[in-house]
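These notes concern the structure reproduced below.
The values are calculated or read from the model by the stated rules, or taken from the named source; none is laboratory data. From a predicted model like this one, the values you see are computed outputs, not experimental measurements. Cβ coordinates were reconstructed from backbone atoms using ideal geometry, including for glycine residues, and neighbour counts include every protein chain displayed. Please note that ligands, DNA and RNA were not included when accessible areas were found on the heavy atoms of the full protein model with its side chains. Shrake-Rupley method; radii C 1.70, N 1.55, O 1.52, S 1.80 Å.
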Amino acid sequence: DAKTTQPTSMDCAEGRAANLPCNHSTISGNEYVYWYRQIHSQGPQYIIHGLKNNETNEMASLIITEDRKSSTLILPHATLRDTAVYYCIVRRYSGGGADGLTFGKGTHLIIQP
Amino acid sequence: DTEVTQTPKHLVMGMTNKKSLKCEQHMGHRAMYWYKQKAKKPPELMFVYSYEKLSINESVPSRFSPECPNSSLLNLHLHALQPEDSALYLCASSQGIYQETQYFGPGTRLLVL
């Protein structure tokens, strides 16, 4: 799976959009970009994933650049409960069976009141 | 519903004890996973079960013994653990075995004395 690079930490004001970048310059054509977050001492929570097109769900939007070498997770109106470690993960399509997620260090997002 | 449950929430055990962690899902998922997370580190994959068969063992010491009695249940049997095995143990499941989104439980926090 391709390696990802994320900032170690970010701050965002409550009510503003939080934009979390992820660099995955070695991504290949059949690799998806997944985002998870982990609130302190809880299990990771799935947020969103995409291959090429931008995606949106009730939690967030995922913007993937045209060359697919980077992406941005957008939380449109951040609240204090969005304070968490956010993981960007690139996953290869595994035609041979289930495989695990490889977590990097992630970005610690702190929402300021 | 994307709920994965884990019991117990917390566990303290001595190095000579035998204990088990339990994970359950009722979503009809056919792949289940164990991850280990040390303090201030990202989760790391331990085991993958696909259709109730062990498909991946990430070179985990034999003092950790996974078991999948049926498609809804995953156990992790612990024996003769070391203090460095203290960690958050996370269970996850996914619907199928091909590039499927994994959903995590809340974890069991284990302390080995």
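All of B:K18, B:K9, B:K40 fail the test of being more than 13 Å from B:Q102 (Cβ to Cβ), touching a residue at least 60 places away in the same chain (Cβ under 8 Å) and either at the interface with chain A (Cβ under 10 Å from one of its Cβ atoms) or touching a Pro at 6+ places or on another chain (Cβ under 8 Å) (or both), apart from B:K9. Checking each residue in the stretch B:67-94 for being farther than 21 Å from B:E3 by Cα, hydrophobic (A, V, I, L, M, F, W, C) and part of a strand (DSSP E or B) picks out B:L78, B:A87.
No other residue among A:A18, A:A60, A:A13, A:A84 is more than 8 Å from chain B (Cβ to nearest Cβ) and under 25 Å from B:L45 (Cα atoms) apart from A:A84.
For the stretch B:77-95, a residue qualifies if it is more than 8 Å from every other protein chain (Cβ to nearest Cβ) and more than 14 Å from B:P43 (Cβ to Cβ), and the qualifying residues are B:H77, B:L78, B:H79, B:A80, B:L81, B:Q82, B:P83, B:E84, B:D85, B:S86, B:S93, B:Q95. Of the residues making up the stretch B:63-100, those that are buried (at least 19 other Cβ atoms within 10 Å of the Cβ) and more than 14 Å from the chain's Cα centre (by Cα) are B:L81, B:I97, B:Q99. Return yes when B:V60 is within 14 Å of the chain's Cα centre (by Cα), open to solvent by less than 40 Å² (accessible area, probe 1.4 Å), within 9 Å of chain A (Cβ to nearest Cβ) and farther than 21 Å from A:I47 by Cα and no when it is not. Answer is no for this residue. Residues that are farther than 25 Å from B:H26 by Cβ and open to solvent by 10 Å² or more (accessible area, probe 1.4 Å) within the stretch B:101-113 comprise B:L111, B:L113, listed in sequence order.
State which residue is farthest from B:V112 (Cα to Cα) when the search covers only the stretch B:7-66 and only residues that are of a type in the set (V, I, T) and outside any strand (DSSP E or B). Explain how you work it out, then say what you get.
Filtering the stretch B:7-66 down to residues of a type in the set (V, I, T) leaves B:7, B:12, B:16, B:48, B:56, B:60.
Then keep just the ones that are outside any strand (DSSP E or B); that gives B:16, B:60.
Numbers: B:T16: 10, B:V60: 17 Å.
Applying the filter and picking the extreme gives B:V60.
Return yes when B:E67 is of a type in the set (D, E, K, R), at negative phi and touching a strand residue (DSSP E or B) at 6+ places or on another chain (Cβ under 8 Å) and no when it is not.
So B:E67 fits the description; yes.
Of the strands (runs of 3 or more DSSP E) lying entirely inside the stretch A:1-76, the ones with 3 or more residues being open to solvent by less than 40 Å² (accessible area, probe 1.4 Å) are found at A:18-23, A:31-38, A:45-50, A:61-64, A:70-75. Applying a threshold of 7 Å to beta carbon distances and a minimum spacing of six or more residues, or different chains, the list of pairs starting in the stretch A:89-113 at a residue that is farther than 18 Å from A:Q38 by Cα and more than 7 Å from chain B (Cβ to nearest Cβ) and ending at one that is modelled with pLDDT of 95 or more and assigned to a loop (DSSP other than H, G, I, E, B) reads A:P113/A:E14.
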